[in-house]
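Okay, here's the structure, questions in a sec.
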Amino acid sequence: MDKINKYLVVFSSILSFFFFSIFLYELIVASKLTSHASQIHVFRADNYFILYNLFLIIVILSIKRKRPFILLIGTFYFIVLTIRVVKYNNLIYNKCHTYGVDNRVINVGSQTIEMVEVIGNDSINDFYIGKYECTQEIWFEVMGTDGSEGVFWKGKSRPVDFVSWNEAKIFIAKLNDISQCNFRLPFEREWVYAANGGIHKTGYRYAGSNNPDEVAWTWENTWIPIYFKDSRRPRRVGLKKPNALGIYDLSGNVWEWCEDKKGDKRVIKGGSWYQSVEGADIDDEYFDYSDYKDRCNGFRLVLSK
């Protein structure tokens, strides 16, 4: 029994040290993040600290009382508890990080706008960005019949696709009056940061994958022969795979206007169904005049925190 007791003490001591190490690691990670991301790592650290103390208590009791059955039963129980805590921690982490920590749903008349929280870094503040490109149903809810000039390919779940930068700003001004929020277009650095997965820094060429067919509607994959006619056009939002933050169609479908101005033109990002796949590259930068509109120009909303 003494030999068994010794092995179990060593085993639990190792586990205790292991969880204490993870506890310190989570605190270090939390110290380098801001806002909700930091809080989640602190939460994870608290759970691991509890496990560390529980195994430490078992070791102390076993050594003091020399009752290996206490350690044996306790070790089995806390291994089960450990598995449950780790699974719960990962569930919380995936739910809150992969798809935003504090997502918002904003009601606009009969429609809703889903916004995903993006945790910032040293040079970018936290912000919310649209889970989808601005759709035609939201566009018409705000603009009424006056919005008909902003649509080329009709479909309520399709993005608005015939909008100039100026028209997008008019829409946002009306939306802010209705919602009492402070919506705006993204700055290019925010758009690129969100497309890259925010704090996840996925490093993909396109928003969510290195394979454009998984995440982007472009000239190469929007053609389907229907009665011998060309079927290329923007698709309903959210059909492709989202990126690490749960944001859809950042690459492809329609171009997305940004706030930035370069010379006498505005920045436009993401590529579209009407361009080749090269335009969907996250890092590629394109420009158009503020009053320019084509059947592949849309936008995505942003809210500052």
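All of the numbers you see were taken from the coordinates with simple rules; none came from a lab. Treat the numbers as computed from the prediction; the structure is a model and nothing was measured. Positions of Cβ are backbone-derived with ideal geometry, glycine not excepted, and every protein chain shown enters the neighbour counts.
At q = 0.10 Å⁻¹, work out log10 I(q)/I(0) for region 104-304 with the Debye formula, treating every Cα as an identical point scatterer and leaving solvent out; two decimals please.
Result of the Debye calculation: -0.36.
For a test of the definition: using alpha carbon positions, the gyration tensor, and the 1.5 limit on a/c, classify region 160-248 as rounded, prolate or oblate.
Note, shape of region 160-248 comes out oblate.
When all C-alpha to C-alpha distances in region 218-305 are sorted into bins of 10 Å, what percent of pairs does each bin hold, rounded to whole numbers?
Per 10 Å bin, starting at zero, the Cα-Cα P(r) for region 218-305 comes out as 16, 46, 29, 8, 1 percent.
Take the alpha carbon atoms of region 257-305, find their center, do the same for region 156-225, and report the distance between the two centers in whole angstrom.
9
Fewest first, what order do L185, L301 take by the number of other Cβ atoms within 10 Å?
Working: L185 22, L301 25.
Exposure proxy ranking, most exposed first: L185, L301.
If you stretched the chain out fully between I14 and N176, how much longer would it get, using 0.36 nm times the residue separation minus the C-alpha to C-alpha distance? Let's see the in-between values first.
On the way: separation 162, 0.36 × 162 = 58.32 nm, distance 5.70 nm.
Net length gain for the segment: 52.6 nm.
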